[in-house]
Amino acid sequence: MAICADSVGAIRKAILGHPDPSTTITNMVKDTLAQANGNASRNTYLWRDEPWTLAEAAHAAAMPEHASQPLRGVPVSVKDCFDLAGSPTSCGTLFYRDLNGVTDHDSWLVKQLRAAGAVITGKTHLHPLAYGITGENPDFGDCLQPGDPTALTGGSSSGAAASVMEGSAMAAIGTDTGGSVRVPAALCGVAGYRASLGRGDWQGGAHLAESFDAFGWLFRDLEDGPLLGSIFGPTDAAGMKLPTRFAVIGGAFLEDCEPEIVANLNRCAAELEALGLTSATVQADWWSDSREIFAPVQASEAAGYHRGHFGHFEPSIRERLEWGASLSDDAVAVLRLRHGSFRYRMDELLTKHELLLMPAAPVAKLPAGADHSQTRARLLRYTTPVSLAGMPAVTIPFLDNGRPSGGMQLIAAREDDARLLAIAARLEQCRKSGR
């Protein structure tokens, strides 16, 4: 009998309680694979091999159950910027797919997942080079939301979000440089976790801009966050005093938010207050130059990784790479000084307030086929402050009659991942109990 569950925790409980875990895991994986590429664009995955995945399921089923396999039997998708032995790594482009060919080794991340017992369902769609936030892709097609062909998933972890939405994975690996986990999670109505900068090992993974690149997850149930996050670093909050206060971004910063986003922000603040946390409102006028710092540093570092190949990519990305390559060492050094100052001020803000609450995006939907030439700048305004600070963030999803209606990002100080994930899990518990 297959398992029907929306959380990793429920899957683990069902496997442990079943008299035949081997058959149960295999049947569950078969059921999830049947949902693959269920969006109208049929491109959730850029690489998948069902016989290979079923062999992985059999391997996971044969593992003895103990603490070192926390993801035993759980179907997990991986963003196609991490090496997986036996597959190409496209980074969202035909050019790199063909140039790289089939690799014979696993990335550090894939090794961690397989050792934890996860069953990898395939490698997912992404915005080219992970250098975009809409999920549009001229080589593999734009990634549309399962169940809503009029909406983009957002990016760059576009297929990761789609795989969780369609049920072909119970959790999905993404990356977040400038919002690439937080934004698709918010737009697709799923949970997201961006780890603190520096958690995990990028061996076998393709960087975009190492000053900002962070590992992340997309998943359904916030209670799964601590378990999933443990793949990247410590997330056990046992014995820790959880946060007791948070700040909400307010004032003019929210001027371009859609009304339902502001309503969800107020609702989320009330949910945190119901947990016993004390709130304050803060202004963020000094964030006005965050993108002025982030964008050129990102472009400079990305240009270094893709030097000599700019002409193989779409015009908007090629232009950013050319701009990054044109920046002098002195100009970048000045930007890094400004980056350090910005990071220091963010550290002060989180020391005072413990947590920070704000929208993950100012909109609830990115219409497919629309002109999104200005969308990137609008969305990055909400995500770059956290990226510059290297801080962890959890995306708290909101739904309206089952439809994604935006998401909030709850932010903590660097390396405060455990307490952040624990408080998000508590919020989910209260939602389930109706309190």
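The values are calculated or read from the model by the stated rules, or taken from the named source; none is laboratory data. Everything numeric in this text was worked out from a predicted model, so none of it was measured. Counting neighbours? That spans all protein chains shown, and the Cβs are built from the backbone with ideal geometry, glycine included. To get the accessible areas, we keep the full protein, side chains included, count just its heavy atoms, and leave off ligands, DNA and RNA. Shrake-Rupley method; radii C 1.70, N 1.55, O 1.52, S 1.80 Å.
Under a 5 Å amide H cut-off, with hydrogens placed 1.01 Å from N, residue 275 pairs with nothing among residues at least 5 apart or on other chains. Here the alpha carbons of the range 152-265 define both size measures, Rg and Dmax, at 15.3, 43 Å.
Here each label is just a point 7 Å from Cα along the line to Cβ, and for residue 210 and residue 377 those points are 3.1 nm apart. Taking amide hydrogens as placed 1.01 Å from N in the peptide plane, the amide H of residue 121 sits under 5 Å from those of 76, 77, 78, each at least 5 positions away in sequence or on another chain. For the range 82-196, a simple Cβ point-charge model (Lys and Arg +1, Asp and Glu -1, everything else neutral) yields a dipole of about 340 debye relative to the Cα centre. Residue-wise HN-Hα couplings along the range 359-367, as the Karplus relation 6.51 cos²θ - 1.76 cosθ + 1.60 with θ = phi - 60° gives them from phi, are x, 7, 7, x, 10, 9, 8, 10, x Hz; Gly and Pro carry x.
Which residues does a label at residue 85 reach in the range 121-150, if reach means a backbone N under 15 Å from a point 7 Å past the Cα toward the Cβ? Backbone N within reach: none found. For the range 118-202, the equivalent ellipsoid derived from the Cα gyration tensor has semi-axes of 18, 15, 12 Å, listed largest first. Label positions at residue 23 and residue 433, each projected 7 Å from the Cα along the C-beta direction, are separated by 3.8 nm.
Using only alpha carbons, the range 205-325 has a radius of gyration to Kirkwood radius ratio (Rg to Rh) of 1.06.
Spread over its residues, the convex hull of the C-alpha atoms of the range 11-122 is 96 Å³ per residue. Think of it as helices only: each DSSP H run of n ≥ 4 in the chain is worth -39500 (n - 2.57), and spread over all residues that comes to -12500 deg cm²/dmol at 222 nm.
Amide H to amide H distances under 5 Å link residue 232 with no residue, where only residues 5 or more positions off or on other chains count and H is placed in the peptide plane.
In terms of overall dimensions, the chain has a Cα radius of gyration and Dmax of 20.3, 65 angstrom. Once the mean of 1/r is taken over each pair of separate Cα atoms and inverted, the range 97-166 shows a Kirkwood hydrodynamic radius of 13.4 Å. Relative to the Cα centre, the charge distribution of the chain, modelled as +1 at Lys and Arg Cβ and -1 at Asp and Glu Cβ, gives a dipole magnitude of about 720 debye.
Note: relative contact order over the chain, using C-alpha pairs below 8 Å and six or more positions apart, is 17 percent.
Considering only 405, 327, 388, the residue lying farthest towards the positive end of the dipole of the range 325-435 is 405, judged by Cα position with unit charges set on Cβ. Give me the tail of P(r) for the range 272-362 as a percent: Cα-Cα pairs with distance above 22 Å. Summing the P(r) tail past 22 Å for the range 272-362 gives 48 percent. Comparing 41, 373, 300 in a Gaussian network model of the chain, where Cα atoms under 10 Å apart are tied by springs, the biggest mean-square fluctuation is seen for 373. Share of carbon and sulfur in the accessible area of the chain stands at 52%, probe radius 1.4 Å. Applying 0.36 nm per residue to the separation of residue 30 and residue 245 and subtracting their alpha-carbon distance, the gain on full extension is 73.0 nm. In sequence order, the range 388-401 has phi-based couplings of 5, 7, x, 8, x, 8, 10, 8, 9, x, 10, 10, 10, 6 Hz under the Karplus curve 6.51 cos²θ - 1.76 cosθ + 1.60, θ = phi - 60°, and Gly or Pro positions carry x.
Residue-wise HN-Hα couplings along the range 189-201, as the Karplus relation 6.51 cos²θ - 1.76 cosθ + 1.60 with θ = phi - 60° gives them from phi, are x, 10, 7, x, 9, 9, 6, 4, 4, x, 6, x, 10 Hz; Gly and Pro carry x. Suppose each label sits 7 Å from its Cα in the direction of the beta carbon; what would the residue 328-residue 279 distance come out to in nanometres? About 4.9 nm, to one decimal. Rg/Rh for the range 41-177 (Cα atoms only, Rh after Kirkwood) is 0.98.
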